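The values are calculated or read from the model by the stated rules, or taken from the named source; none is laboratory data. Model, not experiment: these values are computed from the prediction. Neighbour counts run over all protein chains shown; Cβ positions are idealised from the backbone, glycine included. For accessibility, only protein heavy atoms count, side chains too; no ligands or nucleic acids. Shrake-Rupley method; radii C 1.70, N 1.55, O 1.52, S 1.80 Å.
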Amino acid sequence: MAGRRKRGQTLAEHRHHMKEVHGKLVLDYIAAEPEKAPRRYVQNHVFDGIFPGGEGQAEPFALGLDFVTEIWAPDIATLKAGRETDHYRTHLLPDEPNMVDPERVVGIPVHEEITHAPEHPAAGRVKVFLFWHADAPVIAALTEALGDSTSALLGQSRCVPAVPSPVKAIDIFLLADETAAIGFAQACRDAIRHHLTAGQGNISIAIAREYVLNAG
């Protein structure tokens, strides 16, 4: 899920509520109903990024993202069922408007392919999310375009939507810290502009701090 914070809310207020309040509600759900709740739950708090602007951009990408939340489930049916339980509807659903703008959030069910698994789990890492709004290049072409900048990567995966979506693909890159992530995001932008086809320049990039609330 990707989106914008509640209108009239500061980023600090949004992040506190998302992590300390809503995050606890999700962990309570996992403890109460582990077969229906998310198997793995990761919040990513966006602190920088690149958004395309212009007419016709799907919400919430037109203004840039405040968060990307990753929720793992065995399949789409389980994911859907987990959002229809009494526990979810009673405790989690009513809390969502306290931190997000319902008109500027989008759910993107995806299948993830890990192309470079991190060697060692670590806390406090930073992610670069590259959202393709037009057709994405194959991984090999993207890697060639990125060149030496890929040497900073700790991990990489590609997510392909499982249902029709305003996003055609999402590449997720794991980096050690904010400085490395910002530099890599800039390298992505420049490589796409100069080395890929014009249509593939329709992108959004979000740079976020990773919080693994439930490792699964």
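If you go through the range 11-26, how many residues are in contact with a strand residue (DSSP E or B) (Cβ under 7 Å, 6 or more places away or on another chain) and closer than 14 Å to residue 82 by Cβ?
1
Quick test of your reading of the structure: residue 5 fulfils all but one of (1) among the charged types (D, E, K, R); (2) surrounded by fewer than 18 Cβ atoms within 10 Å (Cβ to Cβ); (3) in contact with a His (Cβ under 6 Å, 6 or more places away or on another chain). Name the failing condition by number.
So the condition that residue 5 fails would be (2).
Going by the structure shown, is residue 110 modelled with pLDDT of 95 or more and closer than 25 Å to residue 35 by Cβ?
Taking the combined requirement at face value, the residue satisfies it.
Can you work out which of the residues in the range 116-130 that are surrounded by 15 or more Cβ atoms within 10 Å (Cβ to Cβ) and at pLDDT below 95 is nearest to residue 215 (Cα to Cα)?
That would be 125.
Would you point out the residue of the range 163-181, among those that are in contact with a strand residue (DSSP E or B) (Cβ under 6 Å, 6 or more places away or on another chain) and assigned to a helix (DSSP H, G or I), that is farthest from residue 75 (Cα to Cα)?
178
If you go through the range 1-19, how many residues are under 19 Å from the mean Cα position of the chain (by Cα) and either under 14 Å from residue 98 (Cβ atoms) or of a type outside the set (Gly, Ala, Ser) (or both)?
Number satisfying all stated conditions: 12.
So, of the residues in the range 56-87 that are among the acidic types (Asp, Glu) and out of contact with any helix residue (DSSP H, G or I) (no Cβ under 9 Å at 6 or more places or on another chain), which turns out to be modelled with the lowest pLDDT?
Result: 59.
Hey, among the residues in the range 172-216 that are charged (D, E, K, R) and touching a Phe, Trp or Tyr at 6+ places or on another chain (Cβ under 8 Å), which one's surrounded by the fewest Cβ atoms within 10 Å (Cβ to Cβ)?
Only one residue fits best here, namely 178.
Tell me whether the range 83-99 contains one or more residues that are open to solvent by less than 40 Å² (accessible area, probe 1.4 Å), β-branched (Val, Ile, Thr) and under 19 Å from the mean Cα position of the chain (by Cα).
No, the range 83-99 contains no residue that is open to solvent by less than 40 Å² (accessible area, probe 1.4 Å), β-branched (Val, Ile, Thr) and under 19 Å from the mean Cα position of the chain (by Cα).
Could you tell me whether the range 139-154 includes any residue that is touching a residue at least 60 places away in the same chain (Cβ under 8 Å) and not in a helix (DSSP H, G or I)?
no
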